[in-house]
Amino acid sequence: MRIDLHTHSAVSDGTDSPTRLVMRAASAGLAVIGLTDHDTFDGLAEAQAAGARFGVKVLPGVEISCNQDGHEVHLLGYGCRTDDPDLLAELGRLRSSRSGRLLRMVQALNRAGIDITADDVHAVASSASSLGRPHVADAMIAKGYVADRDEAFRDWLDVGRPGFVRRYSCDLAAGVDLIHRAGGAAVLAHPWARGADSVLTPERIAALARDHQLDGLEVDHQDHTAAQRAMLFDLGGRLGLVRTGSSDYHGTGKTDHELGCNTTRETAYRELCTRIQMRGGALRR
């Protein structure tokens, strides 16, 4: 059984519709995918309906923008009840912060000589309900300022670059608790990628496991080196955490992250499902 538990659709910053994503997963020989759009559940119903047609199980998920010691980190929530009021309220705050940041980013880029508007960003974002920097990058691509999202982030949108603007994000430990109260399982996304290892130290991860019952670590990810993967696998084993692997697929929006390039062991997937069931989460087996 091939399982990829971290994928994105055009509902957030991927480029495939939820249906197209599931079709591509079936073509890639995947039996299970997790749809984990940023700060929204909006693509899940369509993806699960497509999964029933194409023979792919869709584990409901979300990727929550969190903060640890001033550094943005990401948390995957699997099997959450999508009508949980507290979690929905937090996701709403996160999406509102994304929308509020958009104009400030456009203004910062304008000052740096990039002539784009908020309308340009909305045009390329189409029906996305969770707006982010990738959509600003897409507007820059459409105007010919950069060749791809990688260039846009490297030169304009990453921390310290002219177009970067901070936004609200959820406290990490509070995010774990929110996921659990909604019946889900909480897994740290790419915990040692993009400098996150500076705040997600082994000691911090151990504290999250001890004090907040963190469920897992995303170990096999394209942004982790072989050495990091080995250390995270050992750390997760010592802490009793579920260790996952996934593509972090964004369609054409992210290179070298093809569906199934990293996968999760079936035993790890079953353990996540068991934890979700025990908490009364939303799970279709």
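The values are calculated or read from the model by the stated rules, or taken from the named source; none is laboratory data. Not measured: the values here are computed from a predicted model. All Cβ positions, even for glycine, are placed from backbone atoms using ideal geometry, and neighbour counts span all protein chains on display. Side chains are part of the model used for accessible areas, which takes the heavy atoms of the whole protein and leaves out ligands, DNA and RNA. Shrake-Rupley method; radii C 1.70, N 1.55, O 1.52, S 1.80 Å.
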Unmet requirement for L87, which otherwise passes all of (1) without any contact (Cβ under 8 Å) to a residue 60 or more places away in the chain; (2) open to solvent by less than 10 Å² (accessible area, probe 1.4 Å); (3) in contact with a Lys or Arg (Cβ under 8 Å, 6 or more places away or on another chain): (1)
Those residues of region 169-200 which are among the hydrophobic types (A, V, I, L, M, F, W, C) and either over 18 Å from the mean Cα position of the chain (by Cα) or assigned to a loop (DSSP other than H, G, I, E, B) (or both), in sequence order: A182, A189, W192, A193, V199, L200
Near pairs, Cβ below 9 angstrom, 6+ apart or cross-chain, from region 231-242 (open to solvent by 90 Å² or more (accessible area, probe 1.4 Å)) to any residue that is of a type in the set (D, E) and part of a helix (DSSP H, G or I): none
Complete set of residues in region 110-136 that are part of a helix (DSSP H, G or I), at pLDDT 95 or above and touching a Gly at 6+ places or on another chain (Cβ under 9 Å): V136
Residue in region 138-147 that is among the charged types (D, E, K, R), in contact with a helix residue (DSSP H, G or I) (Cβ under 6 Å, 6 or more places away or on another chain) and open to solvent by 30 Å² or more (accessible area, probe 1.4 Å) present: yes
Residue list for region 155-165, filter: within 17 Å of G70 (Cα to Cα) and either crowded, with 19+ Cβ neighbours inside 10 Å or in contact (Cβ under 8 Å) with a residue 12 or more places away in the chain (or both): F164, V165
Check on R104, charged (D, E, K, R), open to solvent by 10 Å² or more (accessible area, probe 1.4 Å) and in contact with a His (Cβ under 9 Å, 6 or more places away or on another chain): no
Which listed residue is among the basic types (K, R), at pLDDT 95 or above, part of a loop (DSSP other than H, G, I, E, B) and over 26 Å from G280 (Cβ atoms), from R161, R166: R161
Failed condition for D256, given (1) surrounded by fewer than 20 Cβ atoms within 10 Å (Cβ to Cβ); (2) among the acidic types (D, E); (3) at pLDDT 95 or above: (3)
V219 assigned to a helix (DSSP H, G or I), surrounded by 15 or more Cβ atoms within 10 Å (Cβ to Cβ) and touching a Leu at 6+ places or on another chain (Cβ under 6 Å): no
Region 5-23 residues that are over 11 Å from T252 (Cβ atoms) and in a strand (DSSP E or B), paired with ones that are modelled with pLDDT of 95 or more and of a type in the set (D, E) (beta carbon under 9 Å, 6 or more apart): L5/E218; H6/E63; H6/E218; H6/D248; T7/D16; T7/D37; T7/D248
Test set (1) part of a loop (DSSP other than H, G, I, E, B); (2) surrounded by 17 or more Cβ atoms within 10 Å (Cβ to Cβ); (3) in contact with an Asp or Glu (Cβ under 8 Å, 6 or more places away or on another chain) - H224 fails condition number: (3)
Where a residue in region 197-218 is touching a residue at least 40 places away in the same chain (Cβ under 8 Å) and more than 20 Å from S246 (Cα to Cα) and its partner, wherever it lies, is crowded, with 16+ Cβ neighbours inside 10 Å and β-branched (V, I, T), with Cβ under 7 Å and at least six apart: V199/V73
Within region 41-65, tally of residues that are within 20 Å of H135 (Cα to Cα) and more than 10 Å from the chain's Cα centre (by Cα): 3
Meets criteria (closer than 21 Å to C80 by Cα, open to solvent by 20 Å² or more (accessible area, probe 1.4 Å) and in contact with a strand residue (DSSP E or B) (Cβ under 9 Å, 6 or more places away or on another chain)) for D177: yes
